[in-house]
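Working notes for the structure below.
Readers should treat all values here as calculations from the given coordinates under stated rules, not as data from a laboratory. Note that the coordinates shown come from a computational prediction; the quantities given were computed from them, not determined experimentally. Note that each Cβ is placed from the backbone with ideal geometry, even for glycine, and that neighbours are counted across all protein chains shown.
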């Protein structure tokens, strides 16, 4: 039986506006395993089957050493058995050290980045590790062959310059049709910022940006991927901004659908 790994990365030191995403991993897990919901995915995968899910727990940040090195190390360990991995953030800054570990295993890789923001600032508020900058670092370090960003709706001139510099492909939220399909020919890493969704669907984020994607649009996009999804992250859920755990439920649902597609695409 194919297995799916999850790893919590409760780190939000590089959030620019407010803290809170570090508190997200256990709350997403609570909704994932809640008896109120089924563990079956819409694609027919039972994530509740015995030994199907391998939970590596949360990385413990004790203030010693570089957290980037710790994330890279623990993600690398979680990937060692060869199972697809979903990391639960945390803010979006953590995607950079995650990708340092993922890239070692996958020399050909496309990142599908679903977000309201491009996160390509050279250094936001003087911080090159800001959660607004991880994809600048990722592309500078050659950690992906291709970067496709979907759902953006806050683009400025600096970011457009970065798009040209790194050859980033952008599909803004206003161009996300119901039948959006992407032509991808390599293994895929999915980086899902919960604020890609409209605040009506997912209010529990630090940077609400109206005009976003629906939960169904994101699920449909994930279901359309026809290459192996080898790893992913779900980031920027902020429980301090949520209502009735609404966004945690959405995050858990998207985790299930990404996980189901991982098991289907990597089993080929």
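Tabulated values for the structure
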quantity	calculated
Rg to Rh, two decimals, where region 80-236 supplies the alpha carbon set and Rh follows Kirkwood	0.93
Most fluctuating residue given options 21, 97, 107, as computed from a GNM of the chain linking Cα atoms under 10 Å	107
Ranked 105, 30, criterion: other C-beta atoms within 10 Å, fewest first	30, 105
Ordering of 132-143, 251-262, 217-228 by packing [mean C-beta count within 10 Å, highest first]	251-262, 132-143, 217-228
Anisotropy class of region 187-257 from Cα gyration tensor, a/c 1.5 cut	prolate
Peptide ranges 42-53, 67-78 listed from the most packed, as the mean C-beta count within 10 angstrom indicates	67-78, 42-53
Most mobile of 211, 126, 151 in a GNM of the chain (Cα contacts under 10 Å)	126
Net length gained if the chain between residue 66 and residue 179 were fully extended (0.36 nm per residue, minus Cα distance)	36.4 nm
Potential lengthening between residue 141 and residue 155 on full extension [0.36 nm per residue; Cα-Cα distance subtracted]	2.8 nm
Residue order, fewest to most surrounding Cβ atoms within 10 angstrom, among 188, 230, 235	230, 188, 235
The chain: calculated mean residue ellipticity at 222 nm from DSSP helix runs of at least 4, using -39500 (n - 2.57)	-9000 deg cm²/dmol
Share antiparallel - DSSP beta bridges, region 1-132, percent rounded to 5	20
Two-site FRET efficiency, residue 214 against residue 108, from Cβ-Cβ distance with R₀ of 45 Å, rounded to 0.05	0.90
Residue with peak Gaussian network fluctuation, the chain [Cα springs, cutoff 10 Å], from 88, 192, 182	182
Region 141-185 versus region 14-88: alpha-carbon centroid distance in Å	25
Beta bridge orientation in the chain: antiparallel %, DSSP, nearest 5	5
